[in-house]
Every structure is written in structure tokens, then in C-alpha cells.
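**Q** Supplied in C-alpha cells, the structure appears directly below.
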Amino acid sequence: MELAAVVERRGEVLLLGEDVLSLPSVDAHDGNPTETLQKYLETLTGLKVSIGFLYSVYEGKSDGKQHIVYHAVAGEGEPAGGRFLKPDALVTAKFKTSSTADIVSRFAMESSIGNFGVYFGDETGGTVHPIPAKDAKA
């Protein structure tokens, strides 16, 4: 199982890589997934990170893994690993996978209108289920 996060701060998203971008992710096999992800993100960035709501759950057909993506919020400071970028500036960016591009694109759209959902499916198709606004606060 791969855990990943859309780590947000002031509308920007934490991405890894220079030419090819990816969301921060870690393989998880045992223990509490949100604790595992939080520890990984805080070690990676050196920042305080709060794990929020579930954002996407999908089966990766190309890698055979279950992918679970959470929304998270980072505290202030320069990240030791990765960098914060504005989602609307990423239109021409290259992403490691098409599913990462889809997640970042959906996040940009949803954050602009303030309504979030949880995606369930695989890397080529699925359904976004709306989250009630009161539950979507990080």
C-alpha cells in the first residue's frame, strides 16, 4: 500500500522533484497509516504537518498497489525536502504519473471553489464523492 499526501499551505501544494514532479509518498505495511504518513512528511520537510481528510483511494493498475492519498496542512518554514507550488502554475508541468497530475488538477479546481471530495476508483476511472464542507476542514 502506498500512502501519499496533498500537503497544502496557503493554497500551494508540496511537490517533490525538479523536472518531473510527484506527491510525497511512502510505502506502508503495518501500523496506523496516518501516523506513518505524518512521521514521513515531518521527517521529509522538517515542518509540522497535520493529516486531514481522506482525498483519494485508488488501485494502481500499472504498479498493482493500493494508493491512499490524504489532504494535509504544513506549518510555516522552508521545507527541507520538496517545494510549495501554486496549483494553477502547474498546467504545463510534467508529473511522475498521470494519476498525480489528475490529483493535483482536481485539488486546484476543488480548492478554488472550496468544495472537496474523495475519489474512489483506479488510475483511469472512478467517482468523486463530495465531503460535507464542515468535514473538509483540515
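**Q** Name the long-range amide H neighbours of ILE131: under 5 Å, sequence gap of 5 or more, or other chain; modelled H, no Pro or chain starts.
**A** For ILE131, the qualifying residues are PHE116, GLY117, VAL118.
**Q** Of all beta bridges DSSP finds with both residues in the range 2-134, what is the antiparallel percent, to the nearest 5? If you can, show how the numbers build up before the last one.
**A** On the way: 22 of 35 bridges.
Percent antiparallel among DSSP bridges in the range 2-134 is about 65.
**Q** In a GNM of the chain with a 10 Å cut-off on Cα contacts, which of LEU85, LEU37, LEU14 has the highest mean-square fluctuation?
**A** Largest GNM mean-square fluctuation: LEU85.
**Q** What is the distance, in nm, between label points placed 7 Å from the Cα along the Cα-to-Cβ direction at GLU78 and at LYS61?
**A** 4.3
**Q** Dividing the alpha-carbon Rg of the range 2-134 by 2.2 N^0.38 Å yields what?
**A** Values: Rg = 13.8 Å, N = 133, 2.2 N^0.38 = 14.1 Å.
This ratio for the range 2-134 stands at 0.98.
Every read-out reported here was derived from the displayed coordinates using simple, explicitly stated rules and does not represent laboratory data. A quick note: this is a predicted structure, and the numbers were derived from the prediction, not measured. So basically every Cβ, Gly included, is an ideal-geometry build from the backbone, and we count neighbours across all protein chains shown.
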